[in-house]
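K.L.:
So that we are looking at the same thing, I have put the structure below in structure tokens.
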Amino acid sequence: MTMKLPAPLAYSIVVLVSLVWAGNFVASVFLPSYHSDTTLSFVFMTVVGGALALKQRDDEAGPGLLARLLAALRRPPPPASPDEEEQR
């Protein structure tokens, strides 16, 4: 089961979080005493990237990014060559 977000919802999340993220940068210009946490940019980046990764594709021509990543993780390792088996 692959979770997908409708494209308008995903884009709304991206725009909203990006505006707050930009506001975080601009706040230090207007408020010199303001110092944001260093991990805050990581949180913003994770939310934006996650929303884009889970966005429902418009063309549905193939699996999305998340499905491809999960499939890559499930692949078995390639078989060992005969030379590697002899070295064991």
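K.L.:
Starting with the highest mean, order 10-19, 34-43 by the number of other Cβ atoms within 10 Å, averaged over the residues of each peptide. Walk me through the numbers before you get to the answer.
P.N.:
Numbers: 10-19: 14.7, 34-43: 10.3.
Most protected by this proxy first, the peptides run 10-19, 34-43.
K.L.:
Starting with the highest mean, order 75-81, 24-30, 46-52 by the number of other Cβ atoms within 10 Å, averaged over the residues of each peptide. Show your work: numbers first, answer last.
P.N.:
Working: 75-81: 7.3, 24-30: 10.7, 46-52: 15.4.
Output ranking for 75-81, 24-30, 46-52: 46-52, 24-30, 75-81.
FYI, it's all coordinate maths here, none of it is from the lab. Predicted model only: the values in this text are computed from it and were never measured. All Cβ positions, even for glycine, are placed from backbone atoms using ideal geometry, and neighbour counts span all protein chains on display.
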